[in-house]
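The values are calculated or read from the model by the stated rules, or taken from the named source; none is laboratory data. Small disclaimer: the values here were computed from a predicted structure and weren't measured. For neighbour counting, all protein chains shown are included, and Cβ atoms are generated from backbone atoms with ideal geometry for every residue, glycine included. What goes into the accessible areas is simple: the full protein's heavy atoms, side chains included, and nothing from ligands, DNA or RNA. Shrake-Rupley method; radii C 1.70, N 1.55, O 1.52, S 1.80 Å.
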Amino acid sequence: MTADRSLLETRCARWIALFSELDSAGVPTLEQLSAVAVDDVYFSDPFNELYGPGPLQRLFEHTARHVRSLRFTVYDTAWSGMTAYVRWTMTGRIRVIGEWCVEGISEIRFAEDGRVVSHVDHWDAASQFFGRLPLIGWLLRRVAAPARIS
């Protein structure tokens, strides 16, 4: 038996709201996370790989502490069975690099009861983060520069 699509869409919207409302609603509690995710929920992005609501809550706390004026905008959602693919942009301000904009896609898998099993973010950290750092960014741009043909 597979979960009802409307249940999955509602749960997906609730999950996404945890990210998009982080700046205004604050860090979700463990109870809020446990209500929408399984006990060993998996989260992965270019910087993190973690399991469980506790580590996920600490990631939310870290993000809230270090990214000011955080905004998360969803543009599109596509479904394949129990998996949602969400296209988004996250913007904010980070002390070291200033205004920051990341475009990516999240692959979010759901359990039969509609809770999140895994959330994997796909985005280019080289150009969208490291490339913005003062010294490392300069080096990456030099390495990635196209060859000049005379």
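Being open to solvent by 70 Å² or more (accessible area, probe 1.4 Å) and touching a residue at least 60 places away in the same chain (Cβ under 8 Å) is the filter here; which residues of the range 83-103 pass it? Selection gives nothing. For the range 18-44, filtered to residues that are surrounded by fewer than 19 Cβ atoms within 10 Å (Cβ to Cβ), modelled with pLDDT of 90 or more and under 13 Å from the mean Cα position of the chain (by Cα), the residue that is nearest to Ser106 (Cα to Cα) is Ser44.
In the range 104-124, which residue that is more than 16 Å from Gly81 (Cα to Cα) and surrounded by 14 or more Cβ atoms within 10 Å (Cβ to Cβ) is modelled with the lowest pLDDT?
Trp123
If I ask for residues that are buried (at least 16 other Cβ atoms within 10 Å of the Cβ), out of contact with any Phe, Trp or Tyr (no Cβ under 8 Å at 6 or more places or on another chain) and part of a strand (DSSP E or B), which ones from the range 45-75 would you list? Leu70 - this is the single residue of the range 45-75 that is buried (at least 16 other Cβ atoms within 10 Å of the Cβ), out of contact with any Phe, Trp or Tyr (no Cβ under 8 Å at 6 or more places or on another chain) and part of a strand (DSSP E or B). Can you find a residue in the range 78-85 that is under 20 Å from Ala17 (Cα atoms), at pLDDT 85 or above and out of contact with any Asp or Glu (no Cβ under 9 Å at 6 or more places or on another chain)? Within the range 78-85 (the criterion being under 20 Å from Ala17 (Cα atoms), at pLDDT 85 or above and out of contact with any Asp or Glu (no Cβ under 9 Å at 6 or more places or on another chain)), the answer is yes, since at least one residue qualifies. If you go through the range 16-44 and keep only what is part of a strand (DSSP E or B) and either touching a residue at least 24 places away in the same chain (Cβ under 8 Å) or over 19 Å from Val117 (Cβ atoms) (or both), you end up with Ala37, Val38, Val41, Tyr42, Phe43, Ser44.
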